[in-house]
Amino acid sequence: MRIIEANNYQEMSNLAAEYIIKKIHHTPQMNLGLATGSTPLGTYSEMIEDYEENRTSYAHVRTFNLDEYVGLEINHPNSYKYFMKENLFDHINIAEEHTHIPNGTASNIEKECQAYEDLIENQGGIDLQILGIGNNGHIGFNEPRTPFESKTHKVKLAESTRMANARFFNSIQEVPTHAITMGISTILKSKEILLLVSGEGKSEAVKQLLNGQKNENFPASVLNIHQNVTIIGDKKALAGIKV
Ligand code: PGA
């Protein structure tokens with residue numbers, strides 16, 4: 001695992017955006033896995049700025065988001081589809097049909113999960129997956145004790161995750177109870193993974209990840225067996241480890 005330390009959130013975002021943009025220049029038709037949440041927001045805004053200044057083209061990029069809430073319409077301001085449009089897709093030259101996010105309002109969620117898994121595989125797999133990490137070690141919405149062999153599936157969100165995400169809603173009651181997420185094996189099949197971590201709230205999770213033991217109680221620990229993982233983190237998030 002490579003670890004790149006940034007001084008602060010802004011520098012982490014700059015480094016992450018540069019990293020992704022370089023890959024897009026190298027492989028313009030890449031399959032890019034995306035994440036939502038607070039951590040990648042700065043990265044997306046740097047990508048938009050680069051698009052405005054340098055016209056990095058997303059015309060041949062295909063994106064695959066990690067997860068989506070079950071039950072929120074796509075134009076609900078808290079759906080991840082909406083988040084991605086607002087914070088990235090509407091500001092770069094990517095065709096809507098090249099952006100993929102599980103459909104949390106599908107009438108048959110099990111079928112939707114299988115279709116999403118098949119879609120990723122049929123499109124040749126993910127070249128670079130952007131990841132965040134939850135305080136409990138979740139990746140995507142794979143909460144502790146999710147089997148490492150899991151594929152895209154429906155999950156019941158941990159109360160700690162609903163509480164952490166309540167900041168985006170009017171109240172905790174409004175936070176959906178379920179989501180669709182790429183499974184751990186789906187994530188692990190990505191050719192390369194870029195994990196972004198910021199703030200002292202994540203330092204325990206980073207420490208636990210890097211103690212090296214693979215354990216289903218801490219889903220991110222599976223990253224220890226992947227051959228190509230880079231962590232870009234700010235000083236506060238990396239405070240508990242030696243870089
Ligand atoms: P955050 O979420 O970026 O909002 O901290 C990360 C995650 O829960 O995966």
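Yes or no: region 138-153 includes at least one residue that is among the aliphatic types (A, V, I, L, M) and either out of contact with any helix residue (DSSP H, G or I) (no Cβ under 6 Å at 6 or more places or on another chain) or part of a loop (DSSP other than H, G, I, E, B) (or both).
No, because not a single residue in region 138-153 is among the aliphatic types (A, V, I, L, M) and either out of contact with any helix residue (DSSP H, G or I) (no Cβ under 6 Å at 6 or more places or on another chain) or part of a loop (DSSP other than H, G, I, E, B) (or both).
Which residue is farthest from Ala6 (Cα to Cα), if the candidates are limited to region 188-218 and must be in contact with a Pro (Cβ under 9 Å, 6 or more places away or on another chain) and within 16 Å of the ligand (Cβ to nearest atom)?
Out of the qualifying residues, it is Phe218.
From the list Glu73, Glu96, Glu46, pick out the single residue that is surrounded by fewer than 16 Cβ atoms within 10 Å (Cβ to Cβ) and touching a residue at least 24 places away in the same chain (Cβ under 8 Å).
Glu73
Across region 114-142, what is the total count of residues that are buried (at least 21 other Cβ atoms within 10 Å of the Cβ) and more than 9 Å from the ligand (Cβ to nearest atom)?
Number of matching residues: 8.
What is the residue count in region 143-154 for residues that are within 16 Å of the ligand (Cβ to nearest atom) and among the acidic types (Asp, Glu)?
Looking only at that region, the number is 1.
Please report, ordered by residue number, the helices (runs of 4 or more DSSP H) entirely within region 2-112 with at least 3 residues that are within 20 Å of Ile193 (Cβ to Cβ) and within 16 Å of the ligand (Cβ to nearest atom).
Passing ranges, in order: 9-26, 41-54.
One residue is enough: does region 155-166 have a residue meeting the conditions under 16 Å from the mean Cα position of the chain (by Cα), more than 16 Å from the ligand (Cβ to nearest atom) and surrounded by fewer than 21 Cβ atoms within 10 Å (Cβ to Cβ)?
The answer is no; no qualifying residue exists.
Examine region 138-146 for a residue that is modelled with pLDDT under 95 and in contact with a Leu (Cβ under 8 Å, 6 or more places away or on another chain), and state whether such a residue exists.
Looking for residues that are modelled with pLDDT under 95 and in contact with a Leu (Cβ under 8 Å, 6 or more places away or on another chain), one finds at least one in region 138-146, hence yes.
The values are calculated or read from the model by the stated rules, or taken from the named source; none is laboratory data. These numbers come from a predicted model, not from an experiment. Quick reminder, even Gly has a Cβ in these numbers, built from the backbone with ideal geometry, and neighbours come from all protein chains shown.
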